[in-house]
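A.B. asks: Below is one structure. I have some questions about it.
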Amino acid sequence: MQLWLEHLVYCASGGTGTSRLLVRKEGEWRFPPLAQEQAKAYLDELVDGYLQGMSKPLLLLPESAGAWLKACYDAEKDVMLMDDETQQKARSKFVQAYEGNMVISGEGSDVWYQRLWRTLEPAYYDEIIAQAQRYLLPVFRFHQSE
């Protein structure tokens, strides 16, 4: 998210280059240049979310929601796959990331999330997915890999 935020600020201020970050496991994260107005619109969306989060916690779980997005976002066609079969698989990926396993603790074991809810109710899941589409989907849309 930090690279995305920095890239938006760069493009909103008139920058026209590509932003890159080398990551050991994933290779390289790269974002192409965005039009100045487009970058400002995405920044406005993030600032609005920040302001909302100052009065009420945003239900944004980057690991779990990111697993959901990976399962149902088709980058080649730039569409969200909302059919039942894909959504079932995506929800399964979400739950795996949220609950973890015997080796890796899940995002749901975070004490701050546990303070918000004891169990992941359907309404919370729906809100987390809505927030993922609002804040994480643009990152998936513009992320380029080699």
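What follows draws every value from the coordinates through simple rules; no lab data is involved. This is a predicted model, so every value here is computed, not measured. Neighbour counts run over all protein chains shown; Cβ positions are idealised from the backbone, glycine included.
A.B. asks: Take the chain, connect every pair of alpha-carbon atoms lying under 10 Å apart with a spring to form a Gaussian network, then pick out the residue of 116, 43, 136 with the largest mean-square fluctuation.
C.D. replies: Comparing 116, 43, 136 in the GNM, the peak value goes to 116.
A.B. asks: Also: Computed FRET efficiency, Cβ-Cβ of residue 28 and residue 89, R0 25 Å: what is it to the nearest 0.05?
C.D. replies: 0.40
A.B. asks: Just to be sure I understand: with springs between alpha-carbon atoms less than 10 Å apart, which residue in 50, 125, 73 has the highest mean-square fluctuation in the Gaussian network model of the chain?
C.D. replies: Among 50, 125, 73, the largest mean-square fluctuation in the Gaussian network model of the chain belongs to 50.
A.B. asks: Quick check: from the Cα gyration tensor, does segment 1-56 come out rounded (a/c under 1.5), prolate or oblate?
C.D. replies: The shape class here is oblate.
A.B. asks: Give the angle, between 0 and 90 degrees and rounded to the nearest 10, that separates the Cα long axis of helix 84-99 from the longest principal axis of the Cα atoms of the chain.
C.D. replies: 80
A.B. asks: Can you sort 129, 104 by how many other beta carbons sit within 10 Å, fewest first?
C.D. replies: 104, 129
A.B. asks: Same structure again: Hey, what angle do you get for helix 122-131 against the long axis of the chain, alpha-carbon based, 0 to 90 degrees rounded to 10?
C.D. replies: Compared with the principal axis, the helix lies near 10 degrees.
A.B. asks: Roughly how tilted is helix 2-12, in degrees to the nearest 10 and between 0 and 90, from the longest Cα axis of the chain?
C.D. replies: Long axis of 2-12 versus the principal axis of the chain: about 30 degrees.
A.B. asks: Given a 10 angstrom Cα cut-off, can you work out which residue in 32, 62, 122 is the most mobile in a GNM of the chain?
C.D. replies: 122
A.B. asks: Starting from the Cα-Cα distance between residue 44 and residue 116, subtract it from 0.36 nm times their residue separation and give me the gain in nm to one decimal.
C.D. replies: This chain segment gains 23.3 nm when fully extended.
A.B. asks: While we're here: Considering the values [x] 2, 9, 16, 19, 19, 17, 11, 5, 1, 0; [y] 2, 9, 16, 17, 16, 16, 13, 8, 3, 0; [z] 2, 10, 20, 24, 21, 15, 7, 1, 0, which represents P(r) over Cα pairs in 5 Å bins from 0, in percent as calculated for the structure under consideration?
C.D. replies: Given [x] 2, 9, 16, 19, 19, 17, 11, 5, 1, 0; [y] 2, 9, 16, 17, 16, 16, 13, 8, 3, 0; [z] 2, 10, 20, 24, 21, 15, 7, 1, 0, the calculated one carries the label [x].
A.B. asks: Same structure, new question: Excluding residues on the same chain fewer than 8 positions from residue 40, give the lysines whose Cα lies under 30 Å from its Cα.
C.D. replies: 56, 70, 77
A.B. asks: Taking the Cα-to-Cβ direction at residue 35 and at residue 99 and moving 7 Å from each Cα, how far apart do the two end points lie in nm?
C.D. replies: For the pair residue 35/residue 99, the computed spacing is 4.5 nm.
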